[in-house]
1. State all residues of the stretch 109-126 that are in contact (Cβ under 8 Å) with a residue 12 or more places away in the chain and open to solvent by less than 70 Å² (accessible area, probe 1.4 Å); if no residue qualifies, say none.
2. Assess whether Arg145 counts as being assigned to a loop (DSSP other than H, G, I, E, B), more than 15 Å from the chain's Cα centre (by Cα) and in contact (Cβ under 8 Å) with a residue 12 or more places away in the chain.
3. Can you spot a residue in the stretch 94-108 that is within 16 Å of the chain's Cα centre (by Cα), touching a residue at least 24 places away in the same chain (Cβ under 8 Å) and over 18 Å from Ile62 (Cβ atoms)?
4. Would you confirm, using the coordinates I've provided, whether Thr44 is out of contact with any Cys (no Cβ under 7 Å at 6 or more places or on another chain), exposed (fewer than 12 other Cβ atoms within 10 Å of the Cβ), among the hydroxyl-bearing types (Ser, Thr, Tyr) and part of a helix (DSSP H, G or I)?
5. Counting just the residues of the stretch 49-82 that are assigned to a loop (DSSP other than H, G, I, E, B) and on the phi < 0 side of the Ramachandran plot, which one comes out most open to solvent (accessible area, probe 1.4 Å)?
6. Only residues in the stretch 67-85 that are without any contact (Cβ under 8 Å) to a residue 24 or more places away in the chain count as the first member; pair them with residues that are of a type in the set (Ser, Thr, Tyr) and open to solvent by 10 Å² or more (accessible area, probe 1.4 Å), Cβ under 7 angstrom, at least 6 apart or cross-chain, and list the lot.
Amino acid sequence: MTKIDFSENIKIASRFVEEEGHPLNILSKENNKIRILCMNMIQTLLEGETDFISEVFTRGDINIIRKHYKVKNEYIYIPLKEKYGVIGPADYMSVDDNEVLQMYDDLIKEEKRNDEWFGKVLIFLERVVKIISKEENILFSAVARNFDEDDHKRLLQGIMSA
C-alpha cells in the first residue's frame with residue numbers, strides 16, 4: 001500500500017495559492033472575501049444590527065458564495081471524482097456545499113426578515129466559514145495532487161466565466 005505524503009500535497013497547494021493568477025490563488029482570494037463578508041455579517045448579527053444583513057441579501061452581495069460553489073462543483077468536484085476517482089472531497093464536501101446552497105436559496109426566497117430568519121442566516125454564515133476551512137485544507141490539496149495542466153486551465157476558465 002502506497003502512503004500518501006499529505007505534507008507534500010499541502011506544500012504544492014500552498015505554492016499554487018501564492019502563485020498570482022493560478023486558479024487556487026483566485027479561489028483563495030475569493031475565500032478571503034467570503035470569509036470577511038461572513039465574519040462581518042456574523043459580528044453585525046451578534047450586535048443586533050439586522051438592517052445591514054437584509055441589505056446584503058437584497059443587494060445580492062452574498063451571491064459571491066453561489067458563484068464560488070458553482071465553480072467548485074463543475075470544475076473541481078466532478079473532475080476529481082470522474083477523472084481521478086477521488087471520492088472524498090467530491091462526495092462529502094459537495095454534500096455540504098449543496099446543503100449550504102439550499103439554505104442560501106431558502107433565505108433568499110423568504111420574505112419575512114424576522115428573528116427566526118436572522119437565526120437561520122447566522123447558521124448559514126457559520127457553515128460557510130467552516131466550509132472555507134475544509135476547502136483550503138482538504139480540497140486545495142486534492143487539486144494540487146491530482147489536477148494536470150489542462151484541468152487547471154479549465155478551472156481558470158470556469159472561474160473567469162462564472
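1. Those that are in contact (Cβ under 8 Å) with a residue 12 or more places away in the chain and open to solvent by less than 70 Å² (accessible area, probe 1.4 Å): Phe118, Val121, Leu122, Phe124, Leu125.
2. Values: assigned to a loop (DSSP other than H, G, I, E, B): no; more than 15 Å from the chain's Cα centre (by Cα): yes; in contact (Cβ under 8 Å) with a residue 12 or more places away in the chain: yes.
So Arg145 fails the test.
3. no
4. Numbers: out of contact with any Cys (no Cβ under 7 Å at 6 or more places or on another chain): yes; exposed (fewer than 12 other Cβ atoms within 10 Å of the Cβ): no; among the hydroxyl-bearing types (Ser, Thr, Tyr): yes; part of a helix (DSSP H, G or I): yes.
Criteria not met by Thr44.
5. Taking the stretch 49-82 first, the residues assigned to a loop (DSSP other than H, G, I, E, B) are 49, 60-62.
With the extra rule that they be on the phi < 0 side of the Ramachandran plot, the set shrinks to 49, 61-62.
Working: Glu49: 110, Asp61: 65, Ile62: 0 Å².
Checking each candidate, the answer is Glu49.
6. Tyr77/Ser94
The values are calculated or read from the model by the stated rules, or taken from the named source; none is laboratory data. Remember, predicted model here, so these are calculated numbers, not experimental data. Methodologically, a virtual Cβ is constructed for each residue, glycine included, from the backbone with ideal geometry; neighbour enumeration extends over all protein chains shown. These accessible areas exclude ligands, DNA and RNA; they are computed on the full protein's heavy atoms, side chains included. Shrake-Rupley method; radii C 1.70, N 1.55, O 1.52, S 1.80 Å.
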